[in-house]
Amino acid sequence: MDKIKKASELIEESSKTMVLTGAGISTESGIPDFRSPGTGLWENVDPMELLSTSVLYNNPEKFYDKGYKMLLNMTDAEPNRAHFALAEMEKRGFIKGIITQNIDNLHHKAGSKYILEVHGNTREASCMNCGNTVPLDVVTEKVNNGQIPPKCDRCQGILRPDVIFFGDMLPEDFNIASNEVSSSDLLIVVGSSLAVSPVNYLPQMAKNLIIINKGTSVMDHYSDVLLNGSAGDILESILENLLGE
Ligand code: NAD
């Protein structure tokens with residue numbers, strides 16, 4: 001059977017479907033992923049070092065000089081066809097919501113409503129001392145004015161983006177995401193190599209699994225339907241099929 005048709009049938013038969021997205025869904029918005037050969041960020045820098053609590057705590061100057069700039073590159077991007085297709089699927093009741101490893105805010109910009117951001121976001125920052133939260137733009141302004149590391153206006157503690165760095169604990173959203181997946185009939189993974197733990201345990205908890213990916217993922221062998229190609233093309237085709245167009 002045609003794979004788009006088979007995926008659509010699984011979605012139609014499911015009473016609850018969650019979607020797990022990774023960096024691959026945003027490459028068509030111009031944000032490089034980590035691991036794609038030739039274009040992935042890992043080809044040029046080691047994000048595991050730059051985006052780590054170790055650099056943030058021990059060498060905040062280096063973090064704000066290099067890692068922070070990597071994050072800022074994501075904040076100007078616009079959602080693509082894949083983000084919009086998922087927002088439409090939620091609106092029409094085909095999916096309950098999205099669990100994203102991405103920090104680029106593109107599901108919000110596309111109009112999705114129920115979004116669990118298991119690796120945080122690039123909308124806000126918090127004080128490492130008092131917990132005060134401010135919009136990320138406030139931090140950027142301080143950095144651009146030469147205040148490195150940027151300080152909290154309330155207590156002069158150091159401000160950090162609300163992104164989960166290597167070395168950080170996962171947020172409460174991750175527990176909610178685990179419960180959502182274990183109580184779902186179907187999980188659709190879009191654009192993730194599933195190499196990052198513990199998020200890559202979620203597909204193992206899924207009753208049925210669809211994987212949409214350009215390259216390979218660690219869980220390909222485990223999927224019920226494996227669709228290799230562009231997330232934008234495939235999600236649009238599935239949506240058209242679901243709408244009977
Ligand atoms: P990854 O880089 O490990 O894997 C991305 C996967 O997407 C690859 O398998 C690749 O083949 C596939 N892909 C690339 N372009 C695609 C497209 N157009 N259509 C379909 N598939 C495509 O990404 P990951 O598994 O999300 O893990 C990386 C970690 O880095 C995550 O924790 C994520 O938070 C973070 N990250 C986030 C962003 C972002 O917010 N946009 C960008 C880079 C990294």
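The values are calculated or read from the model by the stated rules, or taken from the named source; none is laboratory data. Treat the numbers as computed from the prediction; the structure is a model and nothing was measured. Every residue, glycine among them, receives a Cβ derived from its backbone with ideal geometry; neighbour counts consider all protein chains shown.
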Just need a number here: residues in the stretch 98-135 that are on the phi > 0 side of the Ramachandran plot, away from the ligand (no atom under 11 Å from the Cβ) and in contact (Cβ under 8 Å) with a residue 12 or more places away in the chain. 1
Within the stretch 195-234, restricting to residues that are under 17 Å from Ser8 (Cβ atoms), touching an Asp or Glu at 6+ places or on another chain (Cβ under 9 Å) and not in a strand (DSSP E or B), the one that is farthest from the ligand (Cβ to nearest atom) is Gly232
Suppose we keep only residues that are within 24 Å of Glu28 (Cα to Cα) and of a type in the set (S, T, N, Q) within the stretch 175-203. Which one would you say is surrounded by the most Cβ atoms within 10 Å (Cβ to Cβ)? Ser192
In the stretch 77-116, the residues that are more than 25 Å from Ile11 (Cα to Cα), of a type in the set (A, V, I, L, M) and surrounded by 20 or more Cβ atoms within 10 Å (Cβ to Cβ): Ile103
Only listed residue being buried (at least 16 other Cβ atoms within 10 Å of the Cβ) and closer than 19 Å to Asn102 by Cα, chosen from Ala231, Ala206: Ala231
Only one residue in Phe63, Phe84 is outside any loop (DSSP other than H, G, I, E, B), more than 13 Å from the ligand (Cβ to nearest atom) and assigned by TED's automatic domain parsing to the domain that holds Val181, so which one is that? Phe84
Only one residue in Met48, Met74 is in a helix (DSSP H, G or I), modelled with pLDDT under 90 and surrounded by fewer than 16 Cβ atoms within 10 Å (Cβ to Cβ), so which one is that? Met48
Going by what's in this entry, would Glu12 be described as at pLDDT below 90 and outside any loop (DSSP other than H, G, I, E, B)? no
Any idea how many residues of the stretch 195-214 are touching a residue at least 60 places away in the same chain (Cβ under 8 Å), more than 16 Å from Met18 (Cα to Cα) and in contact with a helix residue (DSSP H, G or I) (Cβ under 8 Å, 6 or more places away or on another chain)? 2
With (1) away from the ligand (no atom under 16 Å from the Cβ); (2) of a type in the set (A, V, I, L, M); (3) outside the structural domain of Glu49 (by TED's automatic domain parsing); (4) modelled with pLDDT under 95 as the list, and Val143 as the residue in question, which single condition is left unmet? (3)
